[in-house]
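Notes to accompany the following structure.
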Amino acid sequence: MDNVVCAWNTPDHRAQLTNTPRSFGGFSFASYPRTVPQDFSKYVASTSASNSRRSVVLHGTQGSGKTGLGVCALSTFARQGVGSLFQWNVLTAERTTPVEKDEQVFPSPCWFERWSSILARNRKTDWDEVGWFESLDDVTVLMLDDVGVETGTPYREALLLRHLEWAEDDDRRMLILTLNDPPSKWPKVVGERVADRMIEQRRFLAVHVPGESLR
Ligand SMILES: Nc1ncnc2c1ncn2[C@@H]1O[C@H](COP(=O)(O)OP(=O)(O)OP(=O)(O)O)[C@@H](O)[C@H]1O
Ligand SMILES: [Mg+2]
């Protein structure tokens, strides 16, 4: 029973459950106004089938399309059903009760978060860090958008490092990170320990998203 794909667990339904902001909802690789960086296309095509996944970091000037491209990859992986089949079956199951206002939403196996939202939650006194990482147990692809914002304190660097370690703990897990700064500035922006891992090619593919702002 564990490997049965339930009727409601469809590619479209999974793609709707990635927590991607509504404004990126209609984006696809085909709608990207420039040529998708070749190394990124190859990476997305080869990653989905693989069981040992490498993380990726998209960097480039403001507005060049990093979030848009990352979201397209996330949606591709969700459509392919990357992650726990059991979890996708549970999350796509038809609900019998409406969603409550403050109901806790469990992350799906392919999940989007703005780094600034995580930091905002983290600032609250009732932030449950253990609970957050427990909820990531069922996640395989985690996109952390704009990890270059609001960094610079040892605590935040340590929190980002814990997310990198979360990915390292299981070969199947991967992160999609975005930030504006080029690799030479990463030590300053995200801290030396995080930057050191992000430039290690075995762990991360670094993709430059070229061009001026598309906005
Ligand atoms: N896949 C896509 N399809 C269509 N348009 C896109 C796509 N990706 C990006 N764009 C266009 O490019 C604009 C900028 O994209 P995006 O927000 O991804 O840039 P960014 O590099 O993440 O910017 P920032 O550095 O401010 O975070 C979008 O508002 C949209 O108009
Ligand atoms: Mg962005």
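Evaluating VAL209 against the criteria (1) more than 16 Å from ligand 1 (Cβ to nearest atom); (2) within 13 Å of VAL56 (Cβ to Cβ); (3) in contact (Cβ under 8 Å) with a residue 24 or more places away in the chain leaves one unmet condition, (1). Beta carbons closer than 8 Å, at least 6 apart along the sequence or on distinct chains, pair a first residue in region 174-203 that is on the phi > 0 side of the Ramachandran plot with a second that is part of a helix (DSSP H, G or I) and surrounded by fewer than 19 Cβ atoms within 10 Å (Cβ to Cβ) for GLY191/PRO154; GLY191/GLU157; GLY191/LEU161. For the condition touching a residue at least 12 places away in the same chain (Cβ under 8 Å) and within 9 Å of ligand 1 (Cβ to nearest atom), THR20 does not qualify. Just checking, how many residues over region 56-88 are more than 13 Å from ligand 1 (Cβ to nearest atom) and either part of a loop (DSSP other than H, G, I, E, B) or buried (at least 21 other Cβ atoms within 10 Å of the Cβ) (or both)? The qualifying residues number 8. Based on what the data block shows, is ASP146 in contact (Cβ under 8 Å) with a residue 40 or more places away in the chain, among the acidic types (Asp, Glu), within 16 Å of ligand 1 (Cβ to nearest atom) and under 30 Å from ARG79 (Cβ atoms)? Considered against the rule, which asks whether it is in contact (Cβ under 8 Å) with a residue 40 or more places away in the chain, among the acidic types (Asp, Glu), within 16 Å of ligand 1 (Cβ to nearest atom) and under 30 Å from ARG79 (Cβ atoms), ASP146 comes out as yes. Residue pairs whose Cβ atoms lie under 7 Å apart, sitting 6 or more positions apart in sequence or on different chains, and linking a residue in region 41-55 that is hydrophobic (A, V, I, L, M, F, W, C) to a partner that is modelled with pLDDT of 85 or more, are VAL44/ALA73; VAL44/THR76. The sole residue among ARG114, ARG203, ARG172 that is out of contact with any strand residue (DSSP E or B) (no Cβ under 7 Å at 6 or more places or on another chain) and within 24 Å of CYS72 (Cβ to Cβ) is ARG172.
Taken together, the residues in region 28-55 that are surrounded by 13 or more Cβ atoms within 10 Å (Cβ to Cβ), part of a loop (DSSP other than H, G, I, E, B) and at pLDDT 95 or above amount to 4. Within region 184-206, at least one residue is more than 16 Å from ligand 1 (Cβ to nearest atom), touching a Lys or Arg at 6+ places or on another chain (Cβ under 7 Å) and not charged (D, E, K, R).
The values are calculated or read from the model by the stated rules, or taken from the named source; none is laboratory data. Bear in mind the structure is a predicted one, so any value in this text is a computation, not a measurement. FYI the Cβ positions are ideal-geometry reconstructions off the backbone, even for glycines, and counts take in every protein chain you see.
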